[in-house]
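Taking it in order: structure first as structure tokens, then the write-up.
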Amino acid sequence: MSNQMWGGRFTTGPDAIMEEINASIGFDYRLARQDIAGSKAHVAMLAATGIVSQADADAIAKGLDEVGAEIESGKLTFSRALEDIHMNVESRLAEKIGPAAGRLHTARSRNDQVAVDFKLWVRDTIDELDGQLRDLQLALVEQAQAHADAVMPGFTHLQSAQPVTFGHHLLAYVEMIARDRGRFRDARTRLNECPLGAAALAGTSFPIDRAATARALGFDRPTANSLDSVSDRDFVLETLAAAAIAATHLSRFAEEIVLWTTPQFGFISLSDKFTTGSSIMPQKRNPDSAELVRGKSGRIIGDLAGLLIVMKGLPLAYSKDMQEDKEGCFDSLQSLSLCIAAMAGMVRDMTPRLDRMKAAAGSGYSTATDLADWLVRTLGMPFRQAHHVTGRIVALAAEKGLELEQLSLEKMQAVEPAITAAVFEVLGVENSVRSRLSYGGTTPDNVRKQAQAWRDRLDGEKSA
């Protein structure tokens with residue numbers, strides 16, 4: 001039996017395997033709310049332009065609301081034979097209001113219909129993700145304010161480099177997430193053009209008002225080229241790219257949490273809420289939440305790569321390959337949402353072990369740069385010479401098993417006679433972080449100011 005919604009050209013139904021590969025209702029049911037919104041805007045425009053009668057438009061709108069309520073309540077059973085959410089909605093509408101339902105599809109195609117539905121869904125999801133990312137920033141800022149003075153090691157190559165503060169470290173992720181939010185906002189701005197009315201690929205001969213449907217659906221304007229309108233998936237790619245970068249940031253932080261919770265680091269602890277045990281080793285407390293965030297980032301990156309590969313060889317305009325845009329997008333953005341929520345929970349749950357952080361901050365001669373800077377600033381020594389002198393002093397301290405601040409003045413003067421007792425004012429981890437006064441530096445006063453600035457900004461967003 002041919003599909004009653006489009007089967008006039010066909011005399012028999014599809015092969016079972018064709019139905020299996022062709023149907024998308026198993027995942028595009030998520031577009032139901034957006035599909036109904038798009039259809040209501042479309043039929044309102046059809047009535048306003050005289051293309052359909054007001055009576056038919058009213059019946060269609062009322063029927064769409066009823067179908068939407070059935071979907072929301074879970075009462076509507078979707079049919080794979082009807083392929084997708086669009087046909088399922090239209091079929092149920094026809095059962096409710098009769099032949100008038102057939103007028104809904106006037107002056108549109110499933111090509112522009114799915115494009116507008118998907119844009120609406122992506123736009124809604126970006127807004128939800130932005131709120132989640134803001135909450136994660138707020139969690140980080142709260143911890144940064146509480147630990148602006150807490151000294152910890154800063155690393156390069158995962159080797160102790162220079163002391164920083166825990167608050168400063170957390171604010172680095174606040175900055176990263178701000179850029180993530182900016183990328184999502186940019187994607188939202190570019191996608192906010194309405195493809196409805198482009199029809200299959202060439203526009204329509206009906207006197208439609210595309211500006212009206214664009215306004216009704218909250219778009220800035222209609223899309224300008226009908227071919228591009230139905231074949232563009234840049235809005236998905238750009239959103240997935242922003243998601244992949246955000247997931248990469250979350251994964252980097254997750255990796256640090258995994259390291260910090262090990263006995264070897266011991267910088268933080270997580271409660272039972274975000275850890276699991278072992279089936280065989282009773283002593284274990286595993287940071288599975290962080291590990292899963294780290295792992296899911298691979299899926300999110302893979303979803304972006306998958307759609308890029310689908311799109312790279314497609315000629316204009318629509319091809320059924322583009323049905324592959326949705327599963328990866330749904331998976332990616334749902335995974336990202338879960339990762340953001342998990343990370344915000346871990347940040348609020350974590351308890352810093354300040355003694356372990358401070359002890360580690362002084363290891364590896366992390367204040368050596370402070371000594372070199374002092375030689376430049378106080379003795380007027382060229383930095384390359386100061387670097388060489390400091391290296392010799394570090395080697396001497398290492399030979400004697402001492403930290404730099406434990407080395408006597410006489411030992412330092414044996415390397416460089418001009419060194420005075422004032423050098424001890426810059427040695428030691430607290431002295432080191434207090435000296436980093438440059439804008440964006442790790443001094444506790446800077447951290448407090450930056451954290452408060454972020455707190456004010458984020459609180460302002462909530463009240464706006």
Report, ordered by the first and then the second residue, all pairs with beta carbons closer than 7 Å, sequence separation of six or more or different chains, a first member in the stretch 338-357 that is in contact (Cβ under 8 Å) with a residue 12 or more places away in the chain, and a second member that is hydroxyl-bearing (Ser, Thr, Tyr) and in a helix (DSSP H, G or I).
Ala342/Ser289; Met346/Ser289
Can you tell me which residue among His147, His169, His157 is crowded, with 17+ Cβ neighbours inside 10 Å and without any contact (Cβ under 8 Å) to a residue 40 or more places away in the chain?
His169
Filter the stretch 414-424 for residues that are open to solvent by 60 Å² or more (accessible area, probe 1.4 Å) and assigned to a helix (DSSP H, G or I) and give the result.
Ala414, Ala421, Phe424
Cβ-Cβ below 7 Å, separation at least six or inter-chain, first residue in the stretch 98-113 and at positive phi, second open to solvent by 20 Å² or more (accessible area, probe 1.4 Å): which pairs?
Ala107/Ile51; Ala107/Thr204; Ala107/Phe206; Ala107/Ile208
Evaluate the following for His42: is it in a helix (DSSP H, G or I) and in contact with a Ser or Thr (Cβ under 7 Å, 6 or more places away or on another chain)?
yes
Being in contact (Cβ under 8 Å) with a residue 60 or more places away in the chain, in a helix (DSSP H, G or I) and not hydrophobic (A, V, I, L, M, F, W, C), is that true of even one residue in the stretch 392-400?
no
What tally of residues in the stretch 211-223 results from selecting those that are without any contact (Cβ under 8 Å) to a residue 40 or more places away in the chain, in a helix (DSSP H, G or I) and surrounded by 19 or more Cβ atoms within 10 Å (Cβ to Cβ)?
1
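Which residue is least open to solvent (accessible area, probe 1.4 Å), if the candidates are limited to the stretch 331-378 and must be closer than 30 Å to Ile393 by Cα and among the acidic types (Asp, Glu)?
Initial filter on the stretch 331-378 (closer than 30 Å to Ile393 by Cα): 354-378.
Still in the running and among the acidic types (Asp, Glu): 355, 370, 373.
On the way: Asp355: 106, Asp370: 6, Asp373: 44 Å².
That would be Asp370.
For the stretch 68-119, enumerate the residues that are outside any loop (DSSP other than H, G, I, E, B) and charged (D, E, K, R).
Here is the first cut: in the stretch 68-119, the residues outside any loop (DSSP other than H, G, I, E, B) are 68-73, 80-82, 85-103, 110-119.
Once the filter is applied, which keeps residues that are outside any loop (DSSP other than H, G, I, E, B) and charged (D, E, K, R), the stretch 68-119 yields Glu70, Glu72, Arg80, Glu90, Arg92, Glu95, Lys96, Arg103, Arg110, Asp112, Asp117, Lys119.
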Answer yes if at least one residue in the stretch 246-265 is under 17 Å from the mean Cα position of the chain (by Cα), within 30 Å of Trp121 (Cβ to Cβ), open to solvent by 40 Å² or more (accessible area, probe 1.4 Å) and modelled with pLDDT of 95 or more, and no otherwise.
yes
Please find, among Gly306, Gly328, the residue that is in contact (Cβ under 8 Å) with a residue 12 or more places away in the chain, open to solvent by 30 Å² or more (accessible area, probe 1.4 Å), within 30 Å of Pro195 (Cβ to Cβ) and among the small types (Gly, Ala, Ser).
Gly306
Residue count, the stretch 425-464, condition over 22 Å from Ile177 (Cα atoms), of a type in the set (Gly, Ala, Ser) and outside any loop (DSSP other than H, G, I, E, B), comes to 2
If we keep just the residues of the stretch 182-205 that are out of contact with any helix residue (DSSP H, G or I) (no Cβ under 8 Å at 6 or more places or on another chain) and farther than 30 Å from Leu458 by Cα, which is surrounded by the most Cβ atoms within 10 Å (Cβ to Cβ)?
Thr204
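Is it fair to say Gly63 is in a helix (DSSP H, G or I), modelled with pLDDT of 95 or more, open to solvent by less than 10 Å² (accessible area, probe 1.4 Å) and in contact with a Lys or Arg (Cβ under 8 Å, 6 or more places away or on another chain)?
Details: in a helix (DSSP H, G or I): yes; modelled with pLDDT of 95 or more: yes; open to solvent by less than 10 Å² (accessible area, probe 1.4 Å): yes; in contact with a Lys or Arg (Cβ under 8 Å, 6 or more places away or on another chain): yes.
So Gly63 fits the description; yes.
The values are calculated or read from the model by the stated rules, or taken from the named source; none is laboratory data. The shown structure was predicted, so the numbers you read here are calculated from the model rather than taken from an experiment. Neighbour counts are summed over all protein chains in view; Cβ atoms, including those assigned to glycine, are modelled from backbone coordinates with ideal geometry. When the accessible area is computed, the model is the full protein with side chains, heavy atoms only, and any ligands, DNA or RNA have been set aside. Shrake-Rupley method; radii C 1.70, N 1.55, O 1.52, S 1.80 Å.
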